[in-house]
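Visitor: One structure is given below, represented as structure tokens, and several questions about it will come after.
The values are calculated or read from the model by the stated rules, or taken from the named source; none is laboratory data. In this text the structure is predicted, and so the values were computed from the model without any measurement. Here Cβ is always computed from backbone atoms with ideal geometry, including for glycine, and neighbour counts include all displayed protein chains. Ligands, DNA and RNA are excluded from the accessible area calculation, which covers all protein heavy atoms including side chains. Shrake-Rupley method; radii C 1.70, N 1.55, O 1.52, S 1.80 Å.
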Amino acid sequence: MADLRSDTVTRPTAAMREAMATAEVGDDVFGDDPSVNALEAHVAALFGHEAALFAPSGTMANQIALQLLVPRGEELLAGADAHVVTYELGGAAALGGVSTRTWPSVGAALDVEEIAAMIRPAGYPSVPTRAVAVEQTHNLGGGGVTGLDTLRELHKATSAAGVALHCDGARIWHAHVADGVPLAAYGELFDTLAVCLSKGLGAPVGSLVVGSAEQIARARPLRKRMGGGMRQAGVLAAAGRHALDHHVDRLADDHARARRLAQALEPLGVVDAAAVRTNLVPLDLSRSPLDAPSLAAAAAERGVLIAAMLPRTARLVTHLDLDDDAVDRAIDVLTALLRTG
């Protein structure tokens with residue numbers, strides 16, 4: 001199978017398995033797992049922050065960060081197609097009592113003036129805005145990258161309003177490689193970040209909340225309350241550290257393969273190849289006789305797995321376990337299906 005459903009389907013490499021097998025471990029709930037502690041310190045330093053906290057999943061990392069920034073009953077602003085709104089099962093409301101208001105879905109292209117105008121100050125009876133969340137890269141925005149200048153403008157606007165800024169940075173490594181922006185340059189703009197090790201980097205599990213030392217101290221009981229207190233988690237942390245040391249620069253290969261996919265499928269009218277900048281290739285099937293579930297089912301019968309994201313939107317994702325032969329096979333299968341309907 002050529003599996004293009006997600007960059008989370010990767011399996012640990014032999015070298016990563018060796019790192020896991022030889023990891024020094026302790027009890028992370030007591031704070032004495034040396035591999036976890038080293039990973040947290042390393043990631044915090046990468047982003048120029050004081051501390052970080054290892055969590056089992058990106059959703060948990062995001063939800064911890066939102067609870068740090070937004071008191072119960074108060075407001076988060078995000079894009080209507082943001083992961084924290086669309087793919088985390090209402091966690092902000094269910095877990096943190098966070099009210100969410102959204103701006104229109106525009107993917108990675110942010111209108112800073114529009115967002116700034118939406119910020120509501122404290123004062124009865126309105127719900128005060130306490131934080132703004134942005135996604136880097138943007139999943140439903142086709143892996144789009146929000147430019148550093150735009151993020152700086154947004155940071156200036158939120159700071160002036162006394163509002164925190166959170167980054168759902170599940171694929172921030174891809175933005176870093178695509179635009180050449182240092183991770184610390186992103187870090188200095190955000191009060192908190194959630195960064196993922198299992199999307200693109202090839203680790204089997206794990207994300208981190210990044211913030212100040214005071215925030216991470218408050219985050220630990222939140223993680224425990226949500227069931228995320230792991231014990232000898234060093235075997236997982238070692239996989240994440242190996243991924244950071246060996247699998248970041250190679251993301252450029254995934255980006256190149258995604259562009260090749262997009263360029264091959266662009267003549268069929270389902271993708272704008274120029275808009276594909278990282279490892280996600282969205283297929284717009286609004287003018288195709290095949291909807292996304294039908295295309296996914298037909299492709300699977302021919303040995304190519306893709307994701308049906310919306311009724312008329314499918315997604316292809318390049319990753320560590322996908323080579324050039326698999327990309328060629330996907331191009332051949334999808335071209336044939338889209339041409340014949």
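Visitor: For S99, only one of the following conditions fails: (1) within 22 Å of R315 (Cβ to Cβ); (2) of a type in the set (G, A, S); (3) touching an Asp or Glu at 6+ places or on another chain (Cβ under 7 Å). What is its number?
Guide: Only one criterion in (1) within 22 Å of R315 (Cβ to Cβ); (2) of a type in the set (G, A, S); (3) touching an Asp or Glu at 6+ places or on another chain (Cβ under 7 Å) is unmet by S99, namely (1).
Visitor: Out of the stretch 62-102, which residues are part of a strand (DSSP E or B) and open to solvent by 10 Å² or more (accessible area, probe 1.4 Å)?
Guide: So in the stretch 62-102, the residues part of a strand (DSSP E or B) come out as 75-79, 99-102.
Result: S99, T100, R101, T102.
Visitor: Among G206, G141, G162, G169, which is farther than 22 Å from L68 by Cβ and either open to solvent by less than 10 Å² (accessible area, probe 1.4 Å) or out of contact with any Phe, Trp or Tyr (no Cβ under 9 Å at 6 or more places or on another chain) (or both)? Even if it seems obvious, please write down each step before you answer.
Guide: Values: G206 fails: farther than 22 Å from L68 by Cβ; G162 fails: farther than 22 Å from L68 by Cβ; G169 fails: farther than 22 Å from L68 by Cβ.
Step by step, each of G206, G141, G162, G169 is checked, and only G141 is farther than 22 Å from L68 by Cβ and either open to solvent by less than 10 Å² (accessible area, probe 1.4 Å) or out of contact with any Phe, Trp or Tyr (no Cβ under 9 Å at 6 or more places or on another chain) (or both).
Visitor: If I ask for residues that are within 25 Å of H138 (Cβ to Cβ) and open to solvent by 20 Å² or more (accessible area, probe 1.4 Å), which ones from the stretch 317-337 would you list?
Guide: L320, D321, I331
Visitor: Look through V181, V177 and report the one residue that is among the aliphatic types (A, V, I, L, M) and open to solvent by 20 Å² or more (accessible area, probe 1.4 Å).
Guide: Working: V181 fails: open to solvent by 20 Å² or more (accessible area, probe 1.4 Å).
Just one listed residue meets the conditions, V177.
Visitor: Of V36, V9, which residue is surrounded by 13 or more Cβ atoms within 10 Å (Cβ to Cβ) and not assigned by the TED database to the domain that holds G227? Let's see the steps before the verdict.
Guide: Details: V36 fails: not assigned by the TED database to the domain that holds G227.
Exactly one residue qualifies, and that residue is V9.
Visitor: Hey, another quick one. Considering the stretch 124-160 alone, what residues qualify as being in a loop (DSSP other than H, G, I, E, B), of a type outside the set (G, A, S) and farther than 16 Å from E75 by Cβ? First the steps, then the outcome.
Guide: Initial filter on the stretch 124-160 (in a loop (DSSP other than H, G, I, E, B)): 124-128, 136-137, 139-143, 145-147.
Checking which are of a type outside the set (G, A, S) leaves us with 124-125, 127-128, 136-137, 139-140, 145-146.
Within the stretch 124-160, Q136, T137, N139, L140, V145, T146 meet the criteria.
Visitor: Would you call L66 aliphatic (A, V, I, L, M) and either without any contact (Cβ under 8 Å) to a residue 40 or more places away in the chain or within 28 Å of E40 (Cβ to Cβ) (or both)? Let's see the steps before the verdict.
Guide: Details: aliphatic (A, V, I, L, M): yes; either without any contact (Cβ under 8 Å) to a residue 40 or more places away in the chain or within 28 Å of E40 (Cβ to Cβ) (or both): yes.
The answer is yes for L66.
Visitor: Can you tell me which condition R231 does not meet? The list is (1) in contact (Cβ under 8 Å) with a residue 24 or more places away in the chain; (2) open to solvent by 10 Å² or more (accessible area, probe 1.4 Å); (3) closer than 19 Å to G58 by Cβ, and all the others hold.
Guide: (3)
Visitor: Answer with yes or no whether G48 is assigned by the TED database to the domain that holds L183, assigned to a loop (DSSP other than H, G, I, E, B), open to solvent by less than 50 Å² (accessible area, probe 1.4 Å) and over 30 Å from R259 (Cβ atoms).
Guide: Details: assigned by the TED database to the domain that holds L183: yes; assigned to a loop (DSSP other than H, G, I, E, B): yes; open to solvent by less than 50 Å² (accessible area, probe 1.4 Å): no; over 30 Å from R259 (Cβ atoms): yes.
Judged against the criteria, G48 is not a match.
Visitor: Surrounded by 18 or more Cβ atoms within 10 Å (Cβ to Cβ), outside any helix (DSSP H, G or I) and among the hydrophobic types (A, V, I, L, M, F, W, C) - does that describe any residue in the stretch 284-300?
Guide: yes
Visitor: Okay, next question. For G79, are the conditions met, namely being more than 23 Å from R277 (Cα to Cα) and not assigned by the TED database to the domain that holds A258?
Guide: Values: more than 23 Å from R277 (Cα to Cα): no; not assigned by the TED database to the domain that holds A258: yes.
Answer is no for this residue.
Visitor: Could you identify the single residue in A178, A243 that is within 17 Å of F54 (Cβ to Cβ), of a type in the set (G, A, S) and assigned by the TED database to the domain that holds L110?
Guide: Working: A178 fails: within 17 Å of F54 (Cβ to Cβ).
Only one candidate qualifies: A243.
Visitor: Another question about this same structure. Go over the candidates L316, L310 one by one and state the one that is modelled with pLDDT under 95, within 21 Å of the chain's Cα centre (by Cα) and either acidic (D, E) or not assigned by the TED database to the domain that holds I172 (or both).
Guide: Working: L316 fails: modelled with pLDDT under 95.
None of the other options fit; the residue is L310.
Conditions (1) touching a residue at least 40 places away in the same chain (Cβ under 8 Å); (2) out of contact with any Leu (no Cβ under 8 Å at 6 or more places or on another chain); (3) in the same structural domain as A326 (by the TED database), marked per residue:
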residue: H255; (1), (2), (3): yes, yes, yes
residue: R259; (1), (2), (3): no, yes, yes
residue: L268; (1), (2), (3): yes, no, yes
residue: V271; (1), (2), (3): no, no, yes
residue: A274; (1), (2), (3): no, yes, yes
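Visitor: Given the structure, is R225 charged (D, E, K, R), without any contact (Cβ under 8 Å) to a residue 40 or more places away in the chain and farther than 29 Å from A314 by Cα?
Guide: Numbers: charged (D, E, K, R): yes; without any contact (Cβ under 8 Å) to a residue 40 or more places away in the chain: yes; farther than 29 Å from A314 by Cα: yes.
Spelling it out, R225 is indeed charged (D, E, K, R), without any contact (Cβ under 8 Å) to a residue 40 or more places away in the chain and farther than 29 Å from A314 by Cα.
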